[in-house]
Amino acid sequence: MENLTDPVARDRVIAVINGKGCVGKTTVTANVAGLLAQSDYRVLAIDLDTQGNLGLDLGYADTQDDDGGRAWPPPSCSAATSSC
Ligand SMILES: Nc1ncnc2c1ncn2[C@@H]1O[C@H](COP(=O)(O)OP(=O)(O)OP(=O)(O)O)[C@@H](O)[C@H]1O
Ligand SMILES: [Mg+2]
């Protein structure tokens, strides 16, 4: 494993991908992100799964900061715009 104290090595994208469902992708993501953040790394965790379970695991779901996806589509994106 590479040295995570190396500033160059810290700028990394870690993708957790698997075609099979329910194998622990979200759990691994939440824990790795949490441990890195706890170790003072700046972490941006992006959940591309529309289930949005990462927010649930990290405690952001059903809070004041959670709009339940209602911000999408943005006002500038009309229903007639197929690209949204
Ligand atoms: N190491 C583990 N031991 C036991 N249970 C686990 C472990 N890791 C995850 N789980 C449990 O397995 C289930 C599936 O985990 P998780 O939601 O992370 O999978 P997933 O691959 O993200 O699923 P999905 O394909 O639905 O997004 C969850 O109930 C989770 O709590
Ligand atoms: Mg998942």
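Please treat every number below as a calculation from the coordinates, not as lab data. Treat the numbers as computed from the prediction; the structure is a model and nothing was measured. So basically every Cβ, Gly included, is an ideal-geometry build from the backbone, and we count neighbours across all protein chains shown.
For the reader, a short list of remarks on this structure follows.
- The string of couplings for segment 33-43 from the Karplus curve (6.51, -1.76, 1.60, θ = phi - 60°) is 4, x, 5, 5, 4, 5, 8, 6, 7, 7, 10 Hz, one whole number per residue in order, with x for Gly and Pro.
- Distance between the modelled labels on Ser76 and Lys20, one decimal in nanometres: 4.3 nm (7 Å Cα→Cβ projection).
- Loop-located trypsin sites (Lys or Arg not before Pro) in segment 11-84 (DSSP state not H, G, I, E or B) with no more than 14 neighbouring Cβ atoms inside 10 Å: Arg12, Lys20, Arg42, Arg70.
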